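Here is the structure we will look at, set down as structure tokens.
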Amino acid sequence: MKFPIYLDHNATTPCDPRVVETMIPYFTEKFGNAASRNHSFGWVAEEAVDYAREQIATLIGADPKEIIFTSGATEADNLAIKGVYEMYAQKGNHIITATTEHKAVLDACHHLEQLGAQITYLPVNAEGMIDLKQLEEAITDKTILVAIMYANNEVGTIQPVREISEICHRKGTLFFTDGTQAVGKIPVDVNKDGIDLMAFTAHKMYGPKGVGALYVRRKNPRVKVTAQMDGGGHERGMRSGTLNVTGIVGFGKAAEICRLEMESDNARIIKMRDRLETELMKLDEAYVNGSREHRLPQVCNISFKFVEGEGLMMGFNKNIALSSGSACTSASLEPSYVLKALGLGDDLAHSSLRFGLGRYTTDEEIDFTIEAVSKTVTRLREVSPLWEMFKEGIDLNTIKWEHH
Amino acid sequence: MAYSDKVIDHYENPKNVGTLDKSSNTVGTGLVGAPECGDVMRLQIEVDPATQVITDAKFKTFGCGSAIASSSLATEWLKGKTVDQALAIDNMDIVEELALPPVKIHCSVLAEDAIKAAINDYRTKNGLEPIADNH
């Protein structure tokens, strides 16, 4: 077994060696600018981009012309939200999103609020799902966009995308989804799912960092976004800038591998994820966060009550890399806003760990993780005054805590 | 963020983990922090009433590695000190000893608060005025 074990695949994934191999010639001999129309270097690059565009479009059931390359999902989120806001300003200024969205979506919405947009932030239930009735009621004749993520990055909850898009289209508004965590991991089909715009990125699907895409529907309806980057008019005028040909080639290969191997990868990963979860849930006072039913196959998020997440990770972070919803691991001192939106108290949010499995995770690594996490939880509970009080039957809510 | 060797050592081998009889008149208990904030420290001292020397100290902490290390270190420092000497322990001494980074200074503040709270509990139990809180 090689250490450290990587269980943070929702943050990023390693490049598949087959992806790297495909990319290498495009750094050196095939270095052309895809926009150079009058020599073979340009043609070779353009051809490679076209091929990748097709590979990526096939993965999501789109037409290649509907793929707009960006620097990543954050840029694609921004382009979708700000681009629609500008393009459809005549129709209205209202956007609906949810409290558990990624910061790239929420902060883009906050930005538009400063410019006069009306934003509705839908709450989610304990599983992390929005309420469809609430969504329908929130849509007005001024609503230009509904932005609801496909699957959540912290708990993996998959939103009822088809029902959401049905409501949006019946009510005459566009539907944008941040597909960053879903595309390449579970089947996503822009037509069956009724998606008008979708952001996604290569580095979450074993491709390189620094390249992503925005899917923009061309038919039924034809969707347009105002460019947020002005320049040479690349990408049908929606995103200027010399294409990252090497990255795009890798993105394409990564998408193709995901399409071909998703089923077999998932069958393996879900077994390991479930075993990890079952074993860890044997610990007292452990809680799975989010939905166990509507969830990405490779993630599980568990709170171990009465121990703090960062303290917990310190017990094994020489050997295992994963994330916590604890405040101490973030720049701010606030615990995860996603877990809080699910209704978790701050104490449980502080006690959470996110396990993100991936293509190269092995059974051996899962065995090691089960043992290391179980041992550390047990050891730290022996050091925890809260655990002692709990064992004595003291209700922690009756104690007047001194907040500092 | 890398932890100092001293933090790691206290985390892996915490000193004086445990519980003293909080109903005893010679024991002072300080419980500070809040679960919502991600750290709670309980620090206890046993005082010899004749000499005012702290003969034993125990802690339990819910929190990150730096919080556990700060309270573990505090119990080590407390043992053998008189109550007055213990009052002089400053959070910056803990920061220095454990080489805590700026984002972890609050852990040392909490440990100092826990010491003061334990001493005040002991004083109140024995009919003395609590020491004023300077935080």
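Of all the accessible heavy-atom surface of region A:38-103, with the other protein chains kept in place and a 1.4 Å probe, what percent is carbon and sulfur? Write down the numbers at each step before the final one.
Working: 1430 of 2670 Å².
The value for region A:38-103 is 54 percent carbon and sulfur by accessible area.
Among A:304, A:69, A:31, which one shows the biggest mean-square fluctuation in a GNM of chain A, springs joining Cα atoms closer than 10 Å?
A:31
Within 10 Å of each candidate Cβ there may be at most 14 other Cβ atoms; applying that plus a DSSP loop requirement, which GluC sites (Glu not before Pro) in region A:215-312 survive? It would help to have the intermediate numbers written out before the result.
Details: sites: A:235, A:256, A:261, A:263, A:277, A:279, A:285, A:293, A:308, A:310; in loops: A:285, A:293, A:308.
In loop regions of region A:215-312 (DSSP not H, G, I, E or B), the sparsely surrounded GluC sites (Glu not before Pro) are A:293.
What total accessible surface area, summed over both chains, is buried at the interface between chains A and B, computed with a 1.4 Å probe and given in Å² to the nearest 100? Spell out each step's value before the answer.
Working: alone 18130 and 6780 Å², together 22210 Å².
That pair of chains buries around 2700 Å² in total.
Assign unit charges at the C-beta atoms only (+1 for Lys and Arg, -1 for Asp and Glu), then state the dipole size of region A:294-404 relative to its Cα centre in Debye, rounded to the nearest 20. Mind dumping the intermediate values first?
Numbers: 11 positive and 15 negative charges, 45 e Å.
The dipole of region A:294-404 has a size of about 220 debye.
Place a +1 charge on the Cβ of each Lys and Arg in region A:106-166 and a -1 charge on the Cβ of each Asp and Glu, then give the dipole magnitude about the Cα centre in debye, rounded to the nearest 20. Please report the intermediate quantities before stating the final value.
Details: 3 positive and 10 negative charges, 18 e Å.
Dipole about the Cα centre, nearest 20: 80 debye.
Just tell me how shielded A:345-353 is by partners: mean number of partner chain Cβ atoms within 10 Å of each residue's Cβ, no decimals. All intermediate terms of the calculation are to be shown ahead of the outcome.
Working: counts 2, 5, 7, 2, 2, 8, 3, 0, 0.
Average per residue, whole number: 3.
Hull surface divided by four, with the convex hull built on the Cα atoms of region B:28-130: how many nm²?
One quarter of the hull surface, i.e. the mean projection, equals 6.0 nm².
Using a 1.4 angstrom probe, figure out how much accessible area region A:38-101 has per residue, in square angstrom, rounded to the nearest whole.
On the way: 2500 Å² over 64 residues.
Result: 39 Å² of accessible area for each residue.
In percent, what relative contact order does region B:47-120 have, based on Cα pairs under 8 Å that are 6 or more apart in sequence?
Working: 74 pairs, mean separation 23.3, N = 74.
Worked out over region B:47-120, it gives 31 percent.
From the P(r) of region A:160-205, can you give the percent of Cα pairs sitting at distances over 12 Å? Walk me through the numbers before you get to the answer.
Numbers: 615 of 1035 pairs.
Counting pairs separated by more than 12 Å, the tail of P(r) holds 59 percent.
Tell me which lysines have Cα within less than 28 Å of residue A:400's Cα, excluding those fewer than 8 residues away on the same chain?
Of all the lysines, those that pass the test against residue A:400 - Cα under 28 Å, at least 8 places apart if same chain - are A:305, A:340, A:391, B:15, B:22, B:58, B:60, B:104, B:116, B:125.
For A:71, A:352, what's the largest-to-smallest order of accessible area, 1.4 Å probe? All intermediate terms of the calculation are to be shown ahead of the outcome.
On the way: A:71 55, A:352 0 Å².
Sorted by accessible area, descending: A:71, A:352.
For helix B:65-78, what angle does its Cα long axis make with the longest principal axis of chain B, in degrees from 0 to 90 and rounded to 10?
Between the helix axis and the principal axis of chain B, the angle is about 40 degrees.
Given Cα pairs under 8 Å that are at least 6 residues apart, what percent is the relative contact order of chain A? Walk me through the intermediate numbers first.
Details: 786 pairs, mean separation 86.5, N = 404.
Taking the mean separation of contacting Cα pairs over the length of chain A, I get 21 percent.
Using a Gaussian network model of chain A whose springs link C-alpha atoms within less than 10 Å, name the residue from A:198, A:314, A:281 with the highest mean-square fluctuation.
So, out of A:198, A:314, A:281, the one fluctuating most is A:314.
So what's the back-of-envelope 222 nm ellipticity for the protein assembly as shown, counting only DSSP H runs of four-plus at -39500 (n - 2.57) apiece and dividing by all residues, rounded to 500? It would help to have the intermediate numbers written out before the result.
Details: 17 runs with 208 residues, N = 539.
So the calculated ellipticity at 222 nm is -12000 deg cm²/dmol.
Along the charge dipole of the protein assembly as shown, which of A:401, A:315, A:296 sits closest to the positive end, that is, farthest toward it, with unit charges on the beta carbon of Lys, Arg, Asp and Glu (+1, +1, -1, -1)?
In the protein assembly as shown, that residue is A:296.
Using only atoms on other chains, find how many Cβ atoms lie within 10 Å of each Cβ of peptide A:131-141 and report the average.
Values: counts 0, 0, 0, 0, 0, 0, 0, 0, 0, 0, 0.
That average works out to 0.
Can you tell which of A:76, A:56, A:118 lies farthest toward the positive end of the dipole of region A:20-118, using +1 and -1 charges on the Cβ of basic and acidic side chains (Lys, Arg; Asp, Glu)?
Result: A:118.
To the nearest 10 square angstrom, what accessible area does residue A:323 show with a 1.4 Å probe?
30 Å²
Can you give me the solvent accessible area of residue A:262 with a 1.4 Å probe, rounded to the nearest 10 Å²?
Roll a 1.4 Å probe over it and residue A:262 shows about 20 Å².
Give me D for the protein assembly as shown in µm² s⁻¹, whole number, from Stokes-Einstein with Rh from the Kirkwood sum over alpha-carbon pairs, 37 °C and 0.692 mPa s. The partial results should precede the final answer.
Working: Rh = 25.6 Å.
Estimated diffusion coefficient is 128 µm²/s.
Please determine, in degrees from 0 to 90 and to the nearest 10, the orientation of helix B:105-125 with respect to the longest principal axis defined by the Cα atoms of chain B, where the helix direction is its Cα long axis.
Here the helix axis deviates by roughly 10 degrees.
Within region A:164-220, what is the number of lysine pairs with alpha carbons under 20 Å apart, leaving out pairs fewer than eight places apart on the same chain?
Numbers: A:171/A:192; A:171/A:219; A:185/A:204; A:185/A:209; A:192/A:219.
Qualifying lysine pairs in region A:164-220: 5.
Under a point-charge model restricted to the Cβ atoms of Lys and Arg (+1) and Asp and Glu (-1), what is the dipole moment magnitude of chain A relative to its Cα centre, in debye to the nearest 20?
The dipole of chain A has a size of about 980 debye.
What whole-number value in Å² describes the accessible area per residue of region B:19-135 for a 1.4 Å probe?
Per-residue value: 38 Å².
To the nearest Å, what is the center-to-center distance of region A:279-297 and region A:126-178, using C-alpha atoms only?
Using only Cα atoms to place each centre, the spacing works out to 25 Å.
How crowded by other chains is B:56-62, given as the mean number of beta carbons from other chains within 10 Å of each beta carbon? Show your work: numbers first, answer last.
Details: counts 0, 0, 0, 2, 9, 7, 16.
Counting other chains' Cβ atoms within 10 Å and averaging over B:56-62 gives 5.
What is the percent of Cα-Cα separations in region A:158-293 that go past 23 Å?
Numbers: 4585 of 9180 pairs.
In whole percent, the share of Cα-Cα pairs in region A:158-293 beyond 23 Å is 50.
Helices from chain A with mean Kyte-Doolittle at least 0.0 and a Cα length along the axis of 15 Å or more, per DSSP H: which? Show your work: numbers first, answer last.
Numbers: long enough: A:40-60 (30 Å, 0.24); A:73-87 (20 Å, -0.03); A:103-114 (16 Å, -0.24); A:245-280 (44 Å, -0.14); A:363-383 (30 Å, -0.32).
Helices passing the filter in chain A: A:40-60.
Given a 1.4 Å probe and heavy atoms of the protein chains only, how would you sort B:105, A:302, largest accessible area at the top? Walk me through the numbers before you get to the answer.
Working: B:105 55, A:302 0 Å².
The most accessible residue leads, giving B:105, A:302.
The values are calculated or read from the model by the stated rules, or taken from the named source; none is laboratory data. Everything numeric here is computed off the predicted structure, so don't read it as measured data. So basically every Cβ, Gly included, is an ideal-geometry build from the backbone, and we count neighbours across all protein chains shown. Heavy atoms of the whole protein, side chains included, go into the accessibility calculation; ligands, DNA and RNA do not. Shrake-Rupley method; radii C 1.70, N 1.55, O 1.52, S 1.80 Å.
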